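Note sheet for the following structure.
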Amino acid sequence: MRFFPILSALWLSAACLANGASPQPNIIVYMVDDLGWNHVEAIKGSMGTVPKIYETPEIARLAKDGLSFTHAYAQPNCAPTRAAMLSGQYPARIHNDVYVVGSLNRGGKRKAKFKGPKQSEDVAVGAVTVAEALRENGYATAHIGKYHVGGHEGGEATLPQNAGFDINIGGSRQGHQGSCFATQSKGKKAWGFRNVGEGAFDKYAEPYSQEYLERLGFPASLKGTPKHVSDAVGDALEETVGKLEAGDKPFYIQFHTYAVHGPVRARPDLLEEAKSRLGNSKEKGKVAQYLGFIAGLDVNLARMRKMLEDPDGDGDSSDSITDNTLILFTSDNGGTHADNLPLKGNKGMLTEGGMRVPLIACWPGVIPADTVTDNKVHSVDYYPTFLELAGSKWSPPADEHPLDGHSFAKALRDPSLKDSRDPVFFLFPGYLDIRAQPTVVVIDDIGGKRFKLFYLYETNSWELYCLTDDQEEARNLIEEHPEIAKTLSVKMLAWLAQEHPTWKPKYPLDKESGESVGPPPGL
């Protein structure tokens, strides 16, 4: 990772105030793993499609206090989304190059027509991460939980502590938790979480004590039972907020929970609550575990907001930092443990169910409460947004580390602003079992409506959908609206053909020659 001289946080804050701007906010990104677009109680953000079984009162309150995005996009699975957020770049950049988890040749039993190219699993050492950029703008930085885009081929140099984060708790190459409850090894007194965060959360693994339960308002029935991993991650957040709030810098925290990635195991009391809501459902056990796991997200959000309201926990909110803290709640890809209807598909797919995610932004006094926007947002947009909120005193050199995203900072302050973002693009040059094949996608607004164009390499064919009228992606309009498809295909090809030393898009490979088959043909 890159290193630069650190600017003065006090000087930056003074400059912001002198220019009439808000002081640099604290920023917390609460990113859930594998949570579906409408699997939480955010009615406006999901356009009224939340099934009744999902009850998340704290997330509902966050949405009531802030702004919900109806069209927030992530990459179709976890590591590519994390790489895009960390780098502010699409996978086609040499410092990202993370298109999928693992390999682009995960075709399974599929008779693949092409071969996927080699890719990276880590954000490159040469990248300027969002954490490094924010440190240059005077921030203290921390990562908690799942990281997944360091420690593979890039080695230790690509782990959070070497990628701009002052504090790293649990961030490693690991993709998901190995266990959800702490255990006590045979012959040992110490408790720990098996295969979770390289042991970073073991310090929080002791069984629930009466003092702990009373302090957090958890049921007395949990006393003496094994700690759940979501509560341990919440403990780490509490400790980290306390440390950073006591300092003299604004802070940036990536709070990347392991929930709700499998194994799906809920805390006992939350599981029982979920079962009682389901009644006599045939899939009561499986569904209840998922609902209880989601309820744990709600618990941690409540803890987070309480921390911000009373950082030292003395019952006196005079030290509150709520009004100078931006919370962003989102997911790394579409849901996988339940359907995402009315959206088509799930995690790993390039249909809406695989890549449209919840996004709620809350910053009291700055973001208008109980608002909604249909502005397009993609994972690459967080980086430039944070730089703008930080005052934009320092940005990575465009010739070395250009940013592909677009800041949505102005939309946070005024959700009524018309969407001016460029198209959202997706390039997937390989295979992910039955879920994904070599595909290029563009999403953009034309004539007051939002359209989505696919190019499918396997069949050398195009598909066009109007998301405004058909978010289920059920009606292919390629024959009905060839002019719209043509316009979008031109934008797609121009995006792929852009020239920059760091722009090296990868395409499917011919099986016989091993040569790249190149971009899609023009329409």
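The values are calculated or read from the model by the stated rules, or taken from the named source; none is laboratory data. Model, not experiment: these values are computed from the prediction. Don't worry about glycine lacking a Cβ; one is built from the backbone with ideal geometry, like all the others, and counts go over all protein chains shown. What goes into the accessible areas is simple: the full protein's heavy atoms, side chains included, and nothing from ligands, DNA or RNA. Shrake-Rupley method; radii C 1.70, N 1.55, O 1.52, S 1.80 Å.
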Phi-derived 3J(HN,Hα) across the range 159-170 with the Karplus relation (6.51, -1.76, 1.60, θ = phi - 60°), rounded Hz, x for Gly and Pro, is 7, x, 5, 10, 10, x, 9, 5, 10, 10, 10, x
Find the centroid of the Cα atoms in the range 383-401 and in the range 474-523, then give the distance between the two in whole Å. 29
From DSSP H assignment alone, runs of 4+ in the chain each adding -39500 (n - 2.57), the sum over residues rounded to the nearest 500 puts [θ] at 222 nm at -7500 deg cm²/dmol
Karplus-derived 3J(HN,Hα), 6.51/-1.76/1.60, for each residue of the range 379-390, Hz, glycine and proline x: 3, 6, 7, 4, 4, x, 5, 5, 4, 5, 5, 7
Loop-resident sites, the range 414-467, for trypsin sites (Lys or Arg not before Pro), counting at most 12 other Cβ within 10 Å (DSSP): LYS418
Please tell me which of these pairs span more than 26 angstrom C-alpha to C-alpha: LYS188/LYS286; LYS146/LYS249; LYS186/LYS275? LYS188/LYS286; LYS186/LYS275
Calculate, in nm to one decimal, what LEU341 and GLU198 gain on full extension: separation in residues at 0.36 nm each, minus their alpha carbon distance. 47.9 nm
With Rh as the Kirkwood radius over Cα pairs, the range 395-465 has Rg/Rh of 1.08
In terms of the Cα gyration tensor, with a ≥ b ≥ c the square roots of its eigenvalues, is the range 376-523 rounded because a/c is under 1.5, prolate because a/b exceeds b/c, or oblate? oblate
Relative contact order in percent for the range 252-324 (Cα pairs under 8 Å, 6+ apart) equals 25
Heavy-atom accessible area of the range 218-293 with neighbours in place, 1.4 angstrom probe: carbon+sulfur share in percent works out to 51
Taking square-rooted eigenvalues a ≥ b ≥ c of the alpha carbon gyration tensor, is the range 223-279 rounded, prolate or oblate, where a/c under 1.5 means rounded and, failing that, a/b exceeding b/c means prolate? prolate
Built amide H within the under 5 Å cut-off of GLY151, gap 5+: THR158, LEU159
Give me the one-decimal nm value for the distance between modelled label points at LYS306 and ASP370, 7 Å along each residue's Cα-to-Cβ direction. 2.6
What is the calculated FRET efficiency for ARG413 to LYS491, with r their C-beta to C-beta distance and R₀ = 35 Å, to the nearest 0.05? 0.80
Using all C-alpha to C-alpha distances in the range 441-520, build P(r) with 5 Å bins and read off the rounded percent in each one. 3, 14, 22, 21, 15, 13, 8, 3, 1
If R₀ is 35 angstrom, what is the calculated FRET efficiency for the pair LYS284 and SER317, using the beta carbon separation as r and rounding to 0.05? 0.30
Calculate one ³J(HN,Hα) per residue across the range 173-189 by plugging θ = phi - 60° into the Karplus curve 6.51 cos²θ - 1.76 cosθ + 1.60, and present them in order as whole Hz with x for glycine and proline. 6, 4, x, 7, 5, x, 7, 10, 10, 5, 10, 10, 5, 4, x, 10, 8
Per residue accessible area of the range 76-170, 1.4 Å probe, in Å²: 28
What number results when the radius of gyration of the chain, computed over Cα atoms, is divided by 2.2 N^0.38 Å? 0.95
Out-of-range pairs (alpha-carbon distance over 21 Å; input LYS118/LYS491; LYS118/LYS511; LYS64/LYS410; LYS344/LYS452; LYS344/LYS449): LYS118/LYS491
Among the trypsin sites (Lys or Arg not before Pro) within the range 188-263, which fall in a DSSP loop and have no more than 12 other Cβ atoms within 10 Å of their own Cβ? LYS188, LYS189
Quick check: at a probe of 1.4 Å, how many percent of the accessible area of the range 376-523 sits on carbon and sulfur atoms? 51
Taking a probe of 1.4 Å and leaving out DNA, RNA and ligands, the range 343-435 shows per residue an accessible area in Å² of 32
Compute the label zone of GLN161 within the range 211-253: residues whose backbone N is under 17 Å from the point 7 Å along Cα-to-Cβ. 240
Carbon plus sulfur, as percent of the 1.4 Å-probe accessible area of the range 25-86, comes to 58
Would you please state the base-10 log of I(q)/I(0) at q = 0.14, 0.20, 0.24, 0.27 1/Å for the range 63-141, with intensities from the Debye formula using one equal scatterer on every alpha carbon? -0.61, -0.94, -1.10, -1.19
For the range 192-339, what does the relative contact order come out to in percent, with C-alpha contacts under 8 Å and a separation of six or more? 18
Students often forget the sequence filter, so: which aspartates and glutamates lie under 13 Å Cα-Cα from LYS393 once same-chain residues fewer than 8 apart are removed? GLU136
